[in-house]
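The structure appears below as structure tokens.
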Amino acid sequence: MRAFVLLSPGEYAVQEVAAPVAGPGEVVVDVERVGVCGTDVEFFTGAMAYLHHGHSAYPMRLGHEWAGRVAAVGDGVAPGWLGRRVMGDTMLGCGSCRRCLRGHQHVCEKRQEVGVRGNRPGALAEQLAVPASSLHALPDSVDAVLGALVEPGGNALRAAQAAAPSPGDRVLVLGPGTIGLLAAMFLRADGAEVHLMGNTDSSLAFARELGFEHVWAEDSLPDLPFDAVVDTSNAAHLPDRALELVEPAGRVVYIGLAGEPSRIDTRTLALKDVTAVGILSASPGLDAAIRAYAAGSVDPRPLVAATVSLDEAGPVLAGDRPPHAGPGPKIQVDPRPC
């Protein structure tokens, strides 16, 4: 089969590789859509911390936001999975440690991450092998485009839930990228008054196109009380800014990661009686994201600016925007043969 292989920072090739075989407890999926994520870009540039901590190494196969159809099942897997449309959890815990046994496989110390960590090949290929235990079935109303948005959606949904707004509460989302806009959509669906803060005219204009009225640049943010602040950005100064902006007794949610350490003043955290929550992984939010997409309470389709072929994935990772792309922040790849 054909697969996108990242050989070293900035060096890649679409290669013919051995097709995966479903081992015991595994399935093979025909991949239909893959989302390009900021994590993938960090691997492409060589900036991803996992490379420097020994969790990942080149050559590697990227792709952890995916949807497809089960083509084969291994020993011990129910045959009913055959032909089903699915997406899969990125985080694959060892299954036997204290964290996994408590249902926290997404923070297992020995975990693999599909297309990210532990030499587990990703979905930028015609086929993908994953444990059947990681699968989530997709209803008919959630097609491949939406299916590949479930993984970022699960992350964003968890961030929105952590903000815990009551109807009418004012919530500020920092960073109108894919996760920020998805979090804003989930917050809006829960009845919050959502504000977004960004740093480019184009991203702010797109947020307005999605129906968000309260959209601000950092230097024009109004002096309003925010009951919760969700930081989805990669700016190192914004975690502390989030703490400054949130109301006393409010909540701050950190899901964005900067390329350098971010710092907050814990004296402010304590003296304002603020609850701070960190979010890693979509795992606990995947089913709820699928339900929201299926019901139409959240529709992330406008976020997808373009869908490209496997051969076009490299330039996208290098930062080239497809000439036919719309205004959304997400690019998807269809790896199937033309």
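Where a number appears in this text, it was derived from the coordinates with a stated rule and is not lab data. Everything quoted here is computed from the prediction, not taken from an experiment. As a convention, Cβ positions derive from the backbone with ideal geometry for all residues, glycine included, and neighbour counts pool all protein chains shown.
Only helices at least 15 Å long along their own axis, judged from Cα atoms, and with Kyte-Doolittle mean hydropathy of 1.6 or greater: name those in the chain from DSSP H.
Values: long enough: 150-163 (19 Å, -0.03); 178-189 (17 Å, 1.70).
The qualifying helices are 178-189.
Taking a ≥ b ≥ c as the square roots of the Cα gyration tensor eigenvalues, with a/c under 1.5 meaning rounded and otherwise prolate when a/b beats b/c, else oblate, which class fits the chain?
Prolate shape, in that a/c is at least 1.5 and a/b is the bigger ratio.
Near the amide H of Leu138, under 5 Å away, which other amide H atoms are found, from residues 5 or more places off or on another chain, if H is placed in the peptide plane?
Arg85, Val86, Met87
Report the extension gain between Leu269 and Arg102 in nm, rounded to one decimal, defined as 0.36 nm multiplied by the number of residues separating them, less their alpha carbon distance. Mind showing how you got there, number by number?
On the way: separation 167, 0.36 × 167 = 60.12 nm, distance 2.89 nm.
Residue separation times 0.36 nm, minus the Cα-Cα distance, leaves 57.2 nm.
Enumerate the calculated ³J(HN,Hα) couplings along region 124-136 in order (Karplus 6.51 cos²θ - 1.76 cosθ + 1.60, θ = phi - 60°), each rounded to whole Hz, writing x wherever the residue is Gly or Pro.
Once θ is set to phi - 60°, the couplings for region 124-136 become 7, 6, 5, 9, 9, 9, 9, x, 4, 5, 8, 7, 10 Hz.
Which log10 I(q)/I(0) values does region 156-278 give at q = 0.15, 0.19, 0.20 Å⁻¹ under the Debye formula, counting every alpha carbon as one identical point scatterer?
Normalising to I(0) and taking log10 leaves -0.58, -0.96, -1.08.
Looking at region 188-245, which GluC sites (Glu not before Pro) are in a loop (DSSP not H, G, I, E or B) and have at most 16 other Cβ atoms within 10 Å? The partial results should precede the final answer.
Details: sites: Glu193, Glu209, Glu213, Glu218, Glu244; in loops: Glu213.
Sparse-neighbourhood loop GluC sites (Glu not before Pro): Glu213.
For region 53-110 and region 240-269, write down the distance between their C-alpha centroids in whole Å.
Region 53-110 and region 240-269 have Cα centres spaced 32 Å from each other.
Just subtract the alpha-carbon distance of Leu221 and Ala137 from 0.36 nm times their residue separation and send over the number in nm, one decimal.
On the way: separation 84, 0.36 × 84 = 30.24 nm, distance 4.14 nm.
Length gained, Leu221 through Ala137: 26.1 nm.
Taking amide hydrogens as modeled 1.01 Å from N in the peptide plane, which residues meet the under 5 Å criterion relative to Glu65, leaving out close sequence neighbours?
Excluding prolines and chain starts, which carry no amide H, the hits are Gly35.
Run the Debye formula on the Cα coordinates of region 35-177, all scatterers equal and no solvent, and tell me log10 I(q)/I(0) at q = 0.09, 0.18, 0.19, 0.21 1/Å.
-0.33, -1.20, -1.29, -1.41
Provide the per-residue ³J(HN,Hα) series for region 25-31, in order, calculated from phi with Karplus coefficients 6.51, -1.76, 1.60 and θ = phi - 60°, each as a whole number of Hz, with x at glycine and proline positions.
x, 10, 10, 10, 10, 7, 7
For region 170-227, what Kirkwood radius comes out of the mean inverse Cα-Cα distance, in Å? If you can, show how the numbers build up before the last one.
Details: mean 1/r = 0.0898 Å⁻¹.
Mean inverse Cα-Cα distance, inverted, gives 11.1 Å.
Using modelled backbone amide H atoms (1.01 Å from N, in-plane), which distant-in-sequence or interchain residues come within less than 5 Å of Val274's amide H?
Counting only residues 5 or more places away or on other chains, the set is Ala249.
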